[in-house]
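S.K.: Okay, here's the structure, questions in a sec.
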Amino acid sequence: MLNKNLIRKLSLGITGYLVPLFQSIPNIFGVWTSLMTIPFISYLAIFFISFPTSLYTALNVFFTSTIFFWDRICIIIGLFFLCYSSIYLCAKSKTGLVTSGPYRLVRHPQYFGMVLSTLGLTSWSYWLLTHTYGIGFLTPQQTVSLWLIELFTYVLLANIEDLYLSKEYKETFENYRRRTPFLIPLIKTNRKSFDSLISILIPVILLCILNFFGPLL
């Protein structure tokens with residue numbers, strides 16, 4: 001059993017290394033990267049600081065139990081989208097508006113990746129807090145609320161970025177916007193309000209499915 005204070009110190013130490021790393025990214029990817037990483041880093045910092053006491057047991061259960069199969073899938077796919085789209089954007093950023101690669105699937109693949117990966121982490125943490133004796137600094141409800149704040153923040157940032165890109169690239173971006181989903185792959189509407197609503201509802205529904213039906217799937 002690991003001491004909670006030790007876990008907290010380790011988490012803060014890891015965060016201390018991550019923050020300077022992400023602070024250096026905007027020079028490579030542009031101004032929006034610094035904004036988009038703030039909710040993600042904040043989520044990870046609070047998530048791991050509030051981690052259940054038995055970190056070894058929690059990790060062992062996560063990687064060996066079939067209960068968390070779909071949580072792992074969400075985390076893997078989410079991290080893949082985040083890393084691939086970040087690298088792709090870095091390689092193509094000097095060519096103007098990027099509409100190829102992962103940006104053909106959604107206009108904001110990095111946001112999608114961060115939302116999906118943290119969705120898996122949230123589902124995992126919620127199960128641990130409600131089904132084991134692990135003690136965290138956050139309650140199960142606070143853990144879900146933390147993720148919802150991140151989700152709302154990314155939907156807001158995505159809308160702000162769309163506004164910026166529409167002014168920067170005008171008709172080129174409008175054509176891209178009309179043919180490419182907002183945040184969720186394969187789901188596209190022609191109204192900004194519907195795009196935002198769907199981008200919130202679908203991840204929330206998926207989290208509910210993982211929490212209540214995941215162990216049975």
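Each reported figure results from applying straightforward, stated rules to the coordinates on display, with no laboratory input. Just so you know, these numbers come straight off a predicted model, no measurement behind them. Counting neighbours? That spans all protein chains shown, and the Cβs are built from the backbone with ideal geometry, glycine included.
S.K.: Among Val155, Val106, which is the only one that is under 18 Å from Lys188 (Cβ atoms), in contact (Cβ under 8 Å) with a residue 24 or more places away in the chain, of a type in the set (A, V, I, L, M) and assigned to a helix (DSSP H, G or I)?
M.R.: Answer to the selection: Val155.
S.K.: Moving on to the next point. Can you tell me which of Ser145, Ser86 is small (Gly, Ala, Ser) and closer than 24 Å to Leu206 by Cα?
M.R.: Ser145
S.K.: Pick from the range 162-193 the residues that are of a type in the set (A, V, I, L, M, F, W, C) and over 25 Å from Ser117 (Cβ atoms): which of them is surrounded by the fewest Cβ atoms within 10 Å (Cβ to Cβ)?
M.R.: Top of the filtered list is Leu163.
S.K.: Take Ser145 and decide whether it is surrounded by fewer than 20 Cβ atoms within 10 Å (Cβ to Cβ), more than 25 Å from Ile76 (Cα to Cα) and hydroxyl-bearing (Ser, Thr, Tyr).
M.R.: So Ser145 fails the test.
S.K.: Which condition number does Gly96 fail, the rest of (1) in contact (Cβ under 8 Å) with a residue 40 or more places away in the chain; (2) among the small types (Gly, Ala, Ser); (3) surrounded by 14 or more Cβ atoms within 10 Å (Cβ to Cβ) being met?
M.R.: Only one criterion is unmet by Gly96, namely (3).
S.K.: Give just the number: which of (1) surrounded by fewer than 19 Cβ atoms within 10 Å (Cβ to Cβ); (2) in contact with a Ser or Thr (Cβ under 8 Å, 6 or more places away or on another chain); (3) hydroxyl-bearing (Ser, Thr, Tyr) does Ser125 not satisfy?
M.R.: The single condition Ser125 does not satisfy is (1).
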